[in-house]
Amino acid sequence: MVILITGGSGFIGSELSKNLLQKGHQVVLFDMIPPEKEKKKETFVRGNISNWAEVINAVRDYKVEHIFHLAAMLSAQCESNPWAALQVNGLGIYHILEASRLFGVKKVIFTSSMGAYGIVPHGTVDDKTIQRPQTLYGVTKVFGELLGLYYHRRFGIDFRGIRFPQLVGPGIKSEGYGQYLPKMIDSALKGIPFEAWVSEETSLPIMYIKDAIRCLLELFEANQSKVKTRVYNVGQIFPSPTAEDLLEEIRKYFPNAQITLNPDPKAMDILKTIPKKLDDREARIEWGWSIRYGLKEMVEDFIKGLNPNFS
């Protein structure tokens with residue numbers, strides 16, 4: 001099968017591509033920036049997701065059968081440039097869905113976020129919780145979800161979505177308010193100082209990258225008869241570790257890690273809009289989702305991912 005990954009040079013796209021190739025698929029990476037490492041098996045197409053012509057040319061020219069739509073601006077980027085965010089996150093999903101309709105793409109997998117909810121009184125959200133995001137990033141993700149569901153109802157596009165918690169893994173480069181988590185581990189491993197913009201008590205629902213990739217693949221491969229909810233929460237490491245919990249785990253490996261916590265008011269305000277827990281019962285019931293990596297396993301595997309010889 002020919003599979004297009006938008007944002008294919010990014011954090012999730014690079015790992016997803018490896019797994020799809022191992023399964024025998026033909027992979028086309030669509031991104032503005034080429035992958036850091038030369039890709040001999042994938043096809044790289046330089047393009048901007050907000051440019052309609054570039055999107056339809058890629059879908060048509062490579063006879064794309066399925067799309068993983070990962071391209072997006074994250075929370076901090078959206079707040080600093082909301083006009084660009086609407087082009088990338090808003091027009092981007094429209095371009096993907098319309099190209100899928102025109103050229104007969106069989107399946108579209110969309111990465112949404114826990115940021116699509118906003119502040120909820122009880123802290124826990126399920127797939128039926130009303131979405132009232134406080135950030136532009138969250139607003140664009142809700143738009144993507146609803147537009148995808150419309151294209152499913154109106155045009156029969158097999159649209160499926162995942163609301164991820166904060167993802168953590170080696171090699172992350174994107175900028176977002178939740179990225180203090182991977183940067184704490186990365187800085188400790190490299191022996192460089194890092195000042196996180198959160199307090200000791202700050203906690204986010206998080207998931208390790210290997211669980212995230214498996215999640216995308218399992219939803220992609222799930223029989224259509226089982227996919228009823230269409231857009232799913234997927235649960236996190238539980239209980240959600242605080243910044244202090246993560247620091248304690250890091251110091252088991254790096255006792256002299258130069259990591260400090262200095263809360264930034266703007267970042268803290270944004271992080272307060274994120275739910276405390278994602279109820280993922282529909283994903284578990286409908287297609288058998290379950291998380292495998294806890295905090296200890298995540299930190300250990302993260303370190304080995306950047307330094308295989310670490311012991």
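Read the figures in this text as sums done on the coordinates, not as results from a lab. Just so it is clear, the structure is predicted and the values come from calculations on it, not from any experiment. Cβ sites come from the backbone with ideal geometry, for glycine too, and all protein chains shown count toward neighbours.
When the chain is fully extended, how far beyond the present Cα-Cα distance does ASN51 get from ASN223, taking 0.36 nm per residue of separation?
Working: separation 172, 0.36 × 172 = 61.92 nm, distance 3.25 nm.
Gain on extension, ASN51 to ASN223, equals 58.7 nm.
Normalised by the residues of the chain, what does the relative contact order come to in percent, with Cα pairs under 8 Å and at least six apart?
18
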Over 22 Å between Cα atoms, which of LYS18/LYS228; LYS252/LYS277; LYS128/LYS228; LYS18/LYS296 qualify? LYS18/LYS228; LYS252/LYS277; LYS18/LYS296
Roughly how many nanometres apart are two label points built 7 Å out from the Cα toward the Cβ at PHE155 and MET268? 4.6
Quick check: convex hull over the Cα atoms of region 78-145, volume per residue in Å³, rounded to an integer? 86
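Shape of region 239-288 from its Cα gyration tensor (a ≥ b ≥ c, root eigenvalues): rounded if a/c is under 1.5, otherwise prolate when a/b > b/c, or oblate? Let's see the in-between values first.
Working: a/c = 4.61, a/b = 1.53, b/c = 3.02.
Judged from the Cα gyration tensor, region 239-288 comes out oblate (a/c at least 1.5, b/c at or above a/b).
Specify, per residue and in Å³, the volume enclosed by the convex hull of the alpha carbon atoms belonging to the chain.
Numbers: hull volume 39.8 nm³, N = 311.
Roughly 128 Å³ of hull volume per residue.
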Percent of all Cα-Cα pairs per 10 Å bin for region 169-231, counting from 0 up to the last occupied bin, reads 16, 38, 24, 16, 5, 0
Phi-derived 3J(HN,Hα) across region 96-109 with the Karplus relation (6.51, -1.76, 1.60, θ = phi - 60°), rounded Hz, x for Gly and Pro, is 5, 5, 5, 5, 5, 5, 5, 10, x, 5, 7, 8, 10, 9
Taking 25 °C and 0.890 mPa s as the conditions, I'd like the Stokes-Einstein D for region 1-122 in µm²/s, using the Kirkwood hydrodynamic radius from alpha carbon pairs. 165
For the pair ASN256 and MET1, what calculated FRET efficiency results from E = 1/(1 + (r/R0)^6), where r is the Cβ-Cβ distance and R0 = 45 Å, to the nearest 0.05? 0.40
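Averaged over all directions, how much area does the convex hull of the C-alpha atoms of region 198-297 cover when projected, in nm²? Don't jump to the answer; show the numbers that get you there.
Numbers: hull surface 29.5 nm².
Answer in nm², one decimal: 7.4.
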